[in-house]
Amino acid sequence: MAELDIDIADCAIVTFEMQRGIAGDLFTMPVIREAILESGIIGHLARLFGPMRAAGVPIVHQCVARRPDMVGTYDNMPFITQHAKDTKGSDKANRLQIGNEGTQVVPEIYDESDIIVRRLHGVSGFHDTGLDSMLRSLGKNTIILTGSSVNRGITGTTIEAINRGYKVVLPREGVSGYPLDYKDLMLEHSLRQIAKVVAVDDLLALL
């Protein structure tokens, strides 16, 4: 697939919020979990990550977490405000607190060799997370960005990566969004103008 013009040796995989408290069994946001299940993204990523790890491609998981006192986390987004109201007083309220199981990467796509960076606030994997420094320490200039979802995090992280000089690759089956046809519209009409949109099989064919 030389026409893809992707140098695997220059790549790192970054996942966005592929953690148990959002994408997995301890989900706190049903609309996101439903999109995860409907898209089959976890299976697609598991199929991609194994061979990529074997080829030496580092995998960095960007996970959201909250302090118990919520210091560093701002209530300035309608979606998050509603989420806090929906979970208040329930067993879901604390699942995304630092140290809790909801902040763990879903096991199907995690390996002990992977790197985890955490975020208290924002809709970009680069906002106060150390992700930029981590990628530069690895010597990687191309990001294969995966995870949930194009509604906020994938789009925000793509834009911030481009702003920092990275190339971004988006595997179609490796990102989610809701509704599913909105994901396709975002990839086709917005994200493909600033990133390469490819199939998982196209990336595997490069190995």
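Nothing in this text is a laboratory measurement; each read-out follows from the coordinates by a stated rule. What you are looking at is a predicted structure, and each value in this text was computed from that prediction instead of being measured. Reconstructed Cβ throughout: ideal geometry from the backbone, glycine too, with neighbour counts over all protein chains shown.
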For His127 and Leu180, compute 0.36 nm times the residue count separating them, minus their Cα-Cα distance, and round to one decimal in nm.
16.4 nm
Note down the magnitude of the dipole of region 2-204 about its Cα centre, charges +1 on Lys and Arg C-beta and -1 on Asp and Glu C-beta and zero elsewhere, to the nearest 20 debye.
560
Give me the one-decimal nm value for the distance between modelled label points at Asn94 and Arg53, 7 Å along each residue's Cα-to-Cβ direction.
3.1
So who's got an amide H within less than 5 Å of the one on Gly147, skipping anything under 5 residues away but keeping other chains? H placed 1.01 Å off N, in plane.
Phe16, Val175, Ser176
The chain: radius of gyration and largest Cα-Cα distance (Dmax), Å:
16.1, 54
Please build a GNM for the chain, connecting alpha carbons under 10 Å apart, and tell me which residue among Arg53, Arg20, Arg119 fluctuates the most.
Arg53
Could you point to the residue in Gln82, Gln62, Val106 farthest towards the positive end of the chain's charge dipole, with +1 and -1 charges on the Cβ of Lys/Arg and Asp/Glu respectively?
Gln82
How about region 23-86: which chymotrypsin sites (Phe, Trp or Tyr not before Pro) there are in a DSSP loop, with at most 13 other Cβ atoms within 10 Å of their Cβ?
Tyr74
When the chain is treated as a GNM, springs tying every alpha-carbon pair under 10 Å, which of Thr103, Thr81, Thr157 comes out with the largest mean-square fluctuation?
Thr81
Quick one: how many lysine pairs does the chain have with C-alpha atoms less than 27 Å apart and a gap of 8 or more or different chains? Give me the count, please.
8
Out of Val168, Ala12, Met29 - ranked by how far each Cα lies towards the positive end of the dipole of the chain, with unit charges on the beta-carbon of charged residues - the top one is Met29
Using alpha-carbon pairs under 8 Å, 6+ residues apart, how would you state the relative contact order of the chain in percent?
29
Between Asn76 and Asn163, what is the label-point separation in nm under the 7 Å Cα-to-beta-carbon projection?
1.3
Percent antiparallel among DSSP beta bridges with both residues in the chain, to the nearest 5?
5
